[in-house]
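Here's the structure, in C-alpha cells; my notes come after.
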Amino acid sequence: MATWLIWFLSGLGLGVAEMIVPGFIIIFFGIGCLGAAVAAAIAPDAYAIQVAVFIAVSVVSLIALRKFSIKMFTGRSQSPAGVGDHNVEPGTRITIDAGIPAGGKGRVRYRGTMWDARSVEGVSAGAEAEITGVDGMNRSCLIVRQVQPGS
C-alpha cells in the first residue's frame with residue numbers, strides 16, 4: 001500500500017474518531033495526517049519529512065484553529081428571564097450545611113448538587129443564605145450572603 005494512502009486513511013480514521021470521542025483534539029491529528037499524506041505523495045521515501053510535516057501541521061492547526069472551532073461548533077443556549085449563568089437564579093435561598101469563613105470558600109448544596117461557594121462577610125453553619133451570583137473567574141463557584149432572620 002502506498003505511504004500517502006496510509007497517511008490519508010489514518011487522517012480519515014482520526015476524523016471519524018473525533019465524532020465518537022469528546023474533546024475536540026483528535027481532529028487536529030487527522031489534519032496532520034492529511035498534511036503528511038501530501039508530503040508522502042511528493043516525497044514517498046522521505047519518512048522523516050513526513051513525520052515532521054505531521055507534527056508541524058498537527059501542532060499549528062491545534063494552536064490556530066481549536067479556539068475558533070470550539071466557538072463555531074459549540075451550541076449556545078439562553079437562560080429564561082431572571083436566570084443567570086449556569087441556570088443559577090440570583091436571589092434563591094439555600095441553607096448552609098458547613099460554615100463559610102469571611103472572605104473564604106466553602107461548599108453548598110444547590111438543586112441537589114454540591115457547589116463551591118464564597119462569601120465576603122462569612123456565613124455560619126445552618127444559616128439561610130441567598131445566592132447573589134456566580135464568581136466571574138470560577139463559573140462553578142456561587143457567591144452567597146447570609147440572610148438576616150426575619151428578612
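Every number here is computed from the coordinates shown, using simple stated rules; none is lab data. Given the structure is predicted, the values throughout are model-derived calculations rather than measurements. Here Cβ is always computed from backbone atoms with ideal geometry, including for glycine, and neighbour counts include all displayed protein chains.
Report, by chain and number, residues whose modeled amide H sits under 5 Å from the one on T132, excluding near sequence neighbours (fewer than 5 apart, same chain).
HN-HN under 5 Å from T132: G91, I143, V144, R145.
Give the Debye-formula value of log10 I(q)/I(0) at each listed q (0.24, 0.29 Å⁻¹), with one equal scatterer per alpha carbon of region 85-146, two decimals each.
-0.93, -1.41
Points 7 angstrom from Cα along the Cβ direction at V16 and M114: gap in nanometres?
Label at V16, label at M114, 4.2 nm between them.
Could you work out the relative contact order of the chain? I mean the mean sequence separation of Cα pairs under 8 Å and 6+ apart, divided by the number of residues, in percent. Let's see the in-between values first.
Numbers: 248 pairs, mean separation 21.9, N = 151.
14 percent.
Quick check: residue separation of I25 and A64 times 0.36 nm, minus the Cα distance between them. What number comes out in nm?
Working: separation 39, 0.36 × 39 = 14.04 nm, distance 1.24 nm.
The span from I25 to A64 would gain 12.8 nm if fully extended.
Compute the acute angle (0 to 90°) between the alpha-carbon long axis of helix 3-20 and the principal axis of greatest extent of the alpha-carbon atoms of the chain; round to the nearest 10°.
With rounding to tens, the tilt is 20 degrees.
If eta is 1.002 mPa s and T is 20 °C, what Stokes-Einstein diffusion coefficient results for the chain, Kirkwood Rh from Cα pairs, in µm²/s? Walk me through the numbers on the way to the answer.
Working: Rh = 19.3 Å.
Using the Kirkwood radius from Cα pairs, D works out to 111 µm²/s.
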